[in-house]
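Input: a single structure, listed below in structure tokens.
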Amino acid sequence: MSDAQPVTQDTVAPDKGTPEKGTPEKGTPEKGTPETVIAADLGGTFTKFGEVTADGTLVRTESEPTPVERGATGLVEWLAEQITSRASSAGVDRFGVAVPGIVDERRGVVVYAPNVGWKDLRLSELLQQLTGLDGTVTHDVRAGGRAEWRVGAGVGADNLMVVPIGTGVAAAVVVDGRMLVADGYAGEIGHIPVPAAGDTTCACGQIGCLETVASGPGLRKLYQARTGIELADVPSAEQLGTSAREGDKKVLRVVETAALALAQALRLGITLYGSERVVIGGGVSGLFDVFAPMVEKNLDQMMTFQRRPTLVRAQLGSRAGVVGAGLTAWEQRLGENQ
């Protein structure tokens, strides 16, 4: 099978911080430290690995380039090798892996992950066979959402949405203290058509998706369309945020459109799920101080009977995925012992 073909079931630097939940401890764990699981957050460019305790503490973490050049099958083997090596060094018997795409956690199946060429792959089963360890597979957004819910900005809320806004837009949705999965299809709010997006065509094939104007690339393309400059010359989301704070009217109008679009999508989500809190994460969360008040103003104007949620900024940043992958593995283990 060539690297371009999806693999199916038939084919088969250290970052140190303080010892808080979701944050790596300094140094190498000494004898008597809490038991951990190996966690991995698979990305198309880099994969983060770490050890996570049952209370969500990230004991240590490091990042490795993801060897997509090895092909889809080779990537499974590489991931198994990495998990095995780290588990052996740490004396750990369980792993949790977060994967982008559509992931059915209940069956441990990656339904579709185009960035790494996986389709209908029973990844959990394969990794368990290759490593000899017990483990779980989860979606990267739900992993990050679980981390924010358990040890981050969502603590104390039983009904919330965690919405990372970066290259795309998605949501981890918690209702009555339970994460919604729907065989891997829950939470794709980036593909809700919203009036503010107009007739813009989305990469998914639909027209007017939230993602076309409120994601990082969406913001930049919207700015390009309104200024006529080359896309390569469009400022980054961070630079747009700086310009917005300085009162740049062109940038403010772009951010206002994105905020309106997000509010329109959130109103639908809030109506369906009754969320009491919305946690905004991802790269665009760097604009939170500019963006959030606009979103809140629009929600105030749109909502009638719905519960008005509070909007808060995510706390865990790039650590959320690996922490959430570890917490998912711990939840499975604790469930087995009940």
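Things worth noting here:
- Output for the range 169-212, where each listed residue is touching a Ser or Thr at 6+ places or on another chain (Cβ under 6 Å) and surrounded by 24 or more Cβ atoms within 10 Å (Cβ to Cβ): 169, 197, 212
- Test for residue 180: is it assigned by TED's automatic domain parsing to the domain that holds residue 51, over 16 Å from residue 211 (Cα atoms) and not aromatic (Phe, Trp, Tyr): no
- Enumeration of residues in the range 93-144 that are of a type in the set (Asp, Glu) and within 26 Å of residue 161 (Cβ to Cβ): 104, 105, 140
- When 263, 320, 259 are screened for being buried (at least 22 other Cβ atoms within 10 Å of the Cβ), at pLDDT 90 or above, touching a Leu at 6+ places or on another chain (Cβ under 6 Å) and among the hydrophobic types (A, V, I, L, M, F, W, C), only 263 passes.
- Residue in the range 286-308 that is modelled with the highest pLDDT, counting only those that are in contact with a Gly (Cβ under 9 Å, 6 or more places away or on another chain) and surrounded by 21 or more Cβ atoms within 10 Å (Cβ to Cβ): 291
- Subset of the range 46-77 [charged (D, E, K, R) and either outside the structural domain of residue 331 (by TED's automatic domain parsing) or out of contact with any strand residue (DSSP E or B) (no Cβ under 7 Å at 6 or more places or on another chain) (or both)]: 69, 70, 77
- The sole residue among 71, 96, 44, 108 that is among the small types (Gly, Ala, Ser) and buried (at least 22 other Cβ atoms within 10 Å of the Cβ) is 96.
- Of all residues in the range 249-270, those that are touching a Phe, Trp or Tyr at 6+ places or on another chain (Cβ under 9 Å), within 18 Å of residue 301 (Cα to Cα) and β-branched (Val, Ile, Thr) total 1.
- Condition broken by residue 138, with the remaining ones in (1) of a type in the set (S, T, N, Q); (2) under 14 Å from residue 39 (Cβ atoms); (3) surrounded by fewer than 24 Cβ atoms within 10 Å (Cβ to Cβ) satisfied: (3)
- Test: residue 121 is touching a helix residue (DSSP H, G or I) at 6+ places or on another chain (Cβ under 6 Å), closer than 30 Å to residue 82 by Cα and not acidic (Asp, Glu): no
- Listed by position, the helices (runs of 4 or more DSSP H) enclosed by the range 129-245 that each have at least 2 residues that are over 18 Å from residue 295 (Cα atoms) and touching a strand residue (DSSP E or B) at 6+ places or on another chain (Cβ under 6 Å) are 140-151.
The values are calculated or read from the model by the stated rules, or taken from the named source; none is laboratory data. Since the model is a prediction, treat every value here as computed from it, not as a measurement. Don't worry about glycine lacking a Cβ; one is built from the backbone with ideal geometry, like all the others, and counts go over all protein chains shown.
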